[in-house]
Amino acid sequence: MYNFEKKIKELLLKNELTIENLAYKLGVSPATLHNLFKKNNTNTDLLKKISDVFEVPVSSFFDEEKNTNSGVANGSQINGNYNKVSIKVNEQANEIEKLNQEVSYLKELLKQKDEIINLLKNK
């Protein structure tokens, strides 16, 4: 379930606004916002207005889970509503390592072939 109250209150604190300030900017009563918190439900028009006031995407109100680490750890998974992203860093790193080894091997083969060609030319 989405928690509009939690997200909006975080944004209020971050932007140093009160519920009354926000209600004024939205053109609604503070009671309307309190009802939103109580019911944890709103219409898309009001949600769009709220996102515009805080300059955040509407989707930010729906992200339920996030990995907020500064970097992405191996095997990490970042979740959100309808936008699951699975990052398989270990698998990708292993694949890159295999490809790098193959490239090194092929370079060595080319070097050996060049040496053989040079030897044959000099005979």
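Summary of computed values
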| read-out | value |
| --- | --- |
| Computed label-point distance, nm, for sites residue 12 and residue 25 using a 7 Å Cα→Cβ extension | 1.2 nm |
| The stretch 4-61: C-alpha gyration tensor shape, a/c 1.5 cut-off, then a/b vs b/c | rounded |
| For the stretch 4-61: relative contact order, % (alpha-carbon pairs under 8 angstrom, 6 or more apart) | 37 percent |
| Listed peptides 110-117, 14-21 by packing density, highest first (mean Cβ within 10 Å) | 14-21, 110-117 |
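Computed from the coordinates by the stated procedures, all read-outs in this text should not be read as laboratory data. Keep in mind the model is a prediction, meaning the values are calculated, not measured. Glycine also receives a Cβ, built like all others from the backbone with ideal geometry; neighbour counts cover every protein chain displayed.
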